[in-house]
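Okay, structure first, notes after.
The values are calculated or read from the model by the stated rules, or taken from the named source; none is laboratory data. Please read these numbers as outputs of a predicted model, since none were measured by experiment. Cβ: placed from backbone, ideal geometry, glycine included. Neighbour counts: every protein chain shown.
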């Protein structure tokens with residue numbers, strides 16, 4: 001039984017208002033513009049009040065009615081978000097994209113080109129695409145949408161909103177399988193209200209489609225091998241969804257196939273000790289081979305080069321000689337749970353559209369910071385209570401977080417998106433199992449994050465640009 005939702009939501013809101021007031025008082029003329037501070041406040045109020053309102057309203061309703069309401073509200077919020085961000089981006093940037101000359105405009109342009117190729121009879125026009133194989137999936141998706149429905153940016157984002165609403169339903173079903181119905185309801189409510197999942201429906205970026213494929217593949221994987229007998233027919237959509245990830249991000253495809261293999265080998269109904277003892281070495285060998293002799297190697301190397309400066313900047317900010325002597329990976333492994341940090345400043349020596357983007361995601365990054373401790377709490381209680389089947393979800397999260405930390409991209413919110421729904425599942429579990437003693441530590445940690453955000457932005461005033 002959830003007893004801590006009211007406590008958590010209202011305490012988080014108090015910190016939100018304190019952060020805004022402190023930012024205005026400390027940074028003065030350098031603080032975020034008033035209109036964007038209001039945007040930050042509204043999103044946080046929507047999220048923390050919404051989690052309390054929707055759970056208390058629907059906790060006793062039947063499963064069928066809850067799922068129907070979940071889909072209706074998820075779709076409504078996403079369609080409103082699509083329209084809102086379309087015109088907000090246009091107002092600030094002159095184009096309906098969150099940044100000018102960005103990946104979004106590249107994907108839109110190639111979506112239009114690919115739609116023309118499809119009209120000409122080439123249904124997989126890979127040869128002329130200038131990007132990598134692992135970046136071809138989203139332009140291809142755009143191309144088919146434009147081919148079928150016309151070259152409408154707004155319509156494509158509406159379709160993404162529908163896909164995201166379906167993904168929320170999958171969050172509910174996956175959580176119900178691995179936890180219980182109360183945790184499943186709360187996890188799906190967190191996903192329904194999540195500002196970052198709503199905003200990405202209104203962006204021309206691949207993460208919304210990736211989340212749809214990831215959650216769909218995971219949902220079908222559970223149906224295929226989660227019971228007493230393997231249901232072979234469900235393996236078809238499982239492998240189709242997971243394999244499609246190779247067209248979006250090669251390393252994600254490898255991770256989810258590895259997690260699926262671990263789930264099959266170590267699911268509790270399996271009792272063959274030989275298979276269990278040899279399973280992990282075989283998987284490590286296969287994944288290692290694929291990492292070295294597939295496009296994933298170049299992809300990870302490129303991500304490592306792109307993210308290498310993040311950790312160096314984090315370490316250089318600290319006056320601690322001890323921290324400056326720590327290798328990059330251990331620092332990243334700590335920051336991977338709490339980063340990225342919200343930008344509360346108004347100007348910072350970068351282009352206006354990039355600065356606007358950092359400001360517009362400030363609510364999303366602060367919410368992720370506050371969720372970090374209840375996520376870790378959820379992981380702790382999940383392992384403590386002996387939920388062996390959760391090795392599937394934990395391996396998904398663990399492998400992805402390690403890649404984020406290894407590449408140094410832990411301060412880039414976008415790279416958390418493929419596993420963000422799973423983080424919400426364990427966050428829901430953390431709040432479910434939190435004791436009165438745990439509540440005290442959650443409050444202390446929230447105060448710590450509040451101070452950390454203020455200090456982080458203070459360092460940014462000293463020209464440390466840590467969020468990309």
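Before moving on, here are some points about what is shown:
- Filter pass, residue 154 being touching a residue at least 60 places away in the same chain (Cβ under 8 Å) and surrounded by 24 or more Cβ atoms within 10 Å (Cβ to Cβ): no
- Subset of segment 85-109 (residues that are surrounded by fewer than 16 Cβ atoms within 10 Å (Cβ to Cβ), touching a helix residue (DSSP H, G or I) at 6+ places or on another chain (Cβ under 9 Å) and not in a loop (DSSP other than H, G, I, E, B)): 109
- Residue count for segment 128-145 satisfying the condition of being over 13 Å from residue 116 (Cβ atoms) and within 21 Å of the chain's Cα centre (by Cα): 6.
- Matching residues in segment 247-279 - criterion: being modelled with pLDDT of 75 or more and not in a helix (DSSP H, G or I): 248, 249
- Any hit, segment 182-197, residues being farther than 26 Å from residue 5 by Cβ and either surrounded by fewer than 24 Cβ atoms within 10 Å (Cβ to Cβ) or more than 13 Å from the chain's Cα centre (by Cα) (or both): no
- So residue 190, is it in contact (Cβ under 8 Å) with a residue 40 or more places away in the chain, part of a helix (DSSP H, G or I) and in contact with a helix residue (DSSP H, G or I) (Cβ under 8 Å, 6 or more places away or on another chain): yes
- Of all residues in segment 11-36, those that are at negative phi and surrounded by fewer than 19 Cβ atoms within 10 Å (Cβ to Cβ) have Cβ atoms under 6 Å from Cβ atoms of residues that are part of a loop (DSSP other than H, G, I, E, B) and at pLDDT below 90, 6 or more apart or on another chain, in 30/346; 33/346.
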